1. Run the numbers on region 23-88 and let me know its relative contact order in percent, using alpha-carbon pairs under 8 Å that are six or more apart.
2. Any idea how far the Cα center of region 16-34 sits from the one of region 328-345, in Å?
3. Beyond 21 Å, how much of the Cα-Cα pair distribution for region 108-262 remains, as a whole percent?
4. Scanning the chain for trypsin sites (Lys or Arg not before Pro) in DSSP loops with at most 12 other Cβ atoms within 10 Å, what's the longest stretch left with none?
5. For a quick check, take a GNM of the chain with Cα springs below 10 Å and name the residue from P162, P348, P139 with the largest mean-square fluctuation.
6. Between Y102 and A378, what length comes free when the chain is fully extended (0.36 nm per residue of separation minus the Cα-Cα distance, one decimal in nm)?
7. Spin-label point model (7 Å from Cα, Cβ direction): what's the T341 to N296 distance in nm?
8. From the C-alpha gyration tensor of the chain, pull out the three semi-axes of the equivalent ellipsoid (sqrt of 5λ each), sorted largest to smallest, in whole Å.
Amino acid sequence: MTKITFIGAGSTIFMQNIVGDALLTPALADSHFALMDIDPVRLMESEAVARALIRSVRSNATVSTHTDRRAALDGADFVITAFQIGGYQPCTVTDFEIPKQYGLRQTIADTLGVGGIMRGLRTVPVLWDVAHDMMQLCPDATLLQYVNPMAINTWALAEKYPLLKQVGLCHSVQNTVAELAHDLDLPKDDIRYKVAGVNHVAFFLRLEHQGQDLYPALRQGYVSGRIPKAPLLMPRCPNKVRYEVMDHLGYFCTESSEHLAEYVPWFIKDGRADLIEKFSIPLDEYPTRCVEQMSNWKQQAKTLTDGRDIAVTRSHEFAADIMNAITSDSPYVAYGNLPNTGQIPQLPIGAAVETPCLVDANGVQPSVIADIPPQLIALMRSQINVQELTVRALVDQNPEHIYHAAMMDPHTAAELDLRQIRNLVNDLLSAHVDWLPDWCRPPRAA
């Protein structure tokens with residue numbers, strides 16, 4: 001029996017998707033699911049959902065629940081992480097409200113920028129604890145890591161635990177294919193593509209339908225105003241930023257416009273309300289989304305945990321297909337984030353990069369992509385600068401690199417001067433003091 005452990009199983013809808021996918025996969029259908037969370041109420045709700053899924057498909061799978069991480073990890077074959085250290089309150093709110101006091105506005109704040117840096121400082125030590133336990137309790141298990149900031153997490157895990165079998169997984173590639181198919185009125189399963197880069201700033205280097213390049217249609221549609229259409233996945237977040245970047249850099253980015261807007265210095269600028277309006281940039285989108293999700297969950301929980309059967313359908317996550325490929329030695333290609341060992345030779349060795357990966361009984365094996373246009377590489381390097389300095393701060397326990405990371409962030413540097421950035425980081429570190437390692441506490445005021 002395959003043991004699949006969820007760390008952060010209180011992320012119930014995500015857990016439901018992965019468990020449902022596994023139950024629909026013959027090699028995984030009779031697995032044992034070990035659910036772990038620090039919130040006993042959400043854990044109880046997730047257990048009820050998992051049992052309803054198993055009952056609905058008439059599976060022989062089993063479930064156990066744990067508030068002790070080591071008990072959940074013991075003997076696992078696969079470990080899936082999905083958690084947010086510090087939660088919406090207080091940490092996400094803090095990551096938005098303090099920068100606003102300096103005039104620094106954000107949209108999502110979970111990947112790059114001061115919000116992404118702070119989330120990395122809170123998250124990596126917990127992932128290191130998970131990795132430490134895995135090396136003792138399930139050293140052959142594969143970690144499927146779904147936590148942001150993805151690139152910082154993946155890089156830091158590899159630095160401290162180089163023998164850990166891990167892959168960072170995201171759904172930005174699948175989501176983007178669905179959005180492009182929607183804009184072009186094409187079946188998404190008929191689109192062929194090649195993507196590479198860093199997580200959330202990877203690009204479609206090839207994009208085709210029945211052998212025809214789709215980029216001319218995208219460019220013509222954007223210039224004419226026919227596309228982007230109203231978004232398929234997030235209605236209040238139009239896709240204008242990505243199309244504008246494509247118009248100037250030549251290629252389409254994998255992450256949503258609300259994300260991309262805060263990774264670059266071109267769209268959220270003091271005194272440029274015209275840019276916010278023209279490109280429909282949803283400032284403070286992530287806090288809004290969190291509030292909505294918490295409200296929606298109260299309604300969903302009643303339906304999902306009332307003992308009735310649940311319809312089980314395939315999600316677009318890679319996790320079950322990856323676990324199936326490793327377990328049954330059935331080759332599968334997924335987009336994964338791994339330390340760069342040469343699969344993108346144009347980017348620094350060690351950086352976390354996203355490429356197509358072959359998965360089979362040998363594990364997750366990245367393919368080499370060496371033909372990324374130089375303007376895209378330049379943009380990726382601007383992201384890697386921030387990621388690397390954050391990782392160095394964590395690995396070396398060097399608090400100065402936290403400030404350096406913020407100083408190199410494209411959006412932060414476009415808005416604030418060096419002293420403002422240092423003061424902002426001090427304020428954020430002070431506010432997050434209960435969630436951070438002792439070594440990165442801010443200096444005391446004179």
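1. That works out to 37 percent.
2. What the calculation gives is 22 Å, centre to centre.
3. Values: 6136 of 11935 pairs.
Of the Cα pairs, 51 percent sit more than 21 Å apart.
4. On the way: sites that count: R58, R226, R236, R272, R308, R314, R444.
For trypsin sites (Lys or Arg not before Pro) (loop position, at most 12 other Cβ atoms within 10 Å), the longest site-free span of the chain is 59-225.
5. Top of the fluctuation ranking is P162.
6. Details: separation 276, 0.36 × 276 = 99.36 nm, distance 2.80 nm.
Full extension from Y102 to A378 adds 96.6 nm.
7. It is 3.9 nm.
8. 32, 28, 22
The values are calculated or read from the model by the stated rules, or taken from the named source; none is laboratory data. None of these values were measured; they are calculated from a predicted model. With ideal geometry, Cβ positions are generated from the backbone for all residues, glycine too; neighbour counts draw on all protein chains shown. Only protein heavy atoms, including side chains, enter the accessible area calculation; ligands, DNA and RNA are left aside. Shrake-Rupley method; radii C 1.70, N 1.55, O 1.52, S 1.80 Å.
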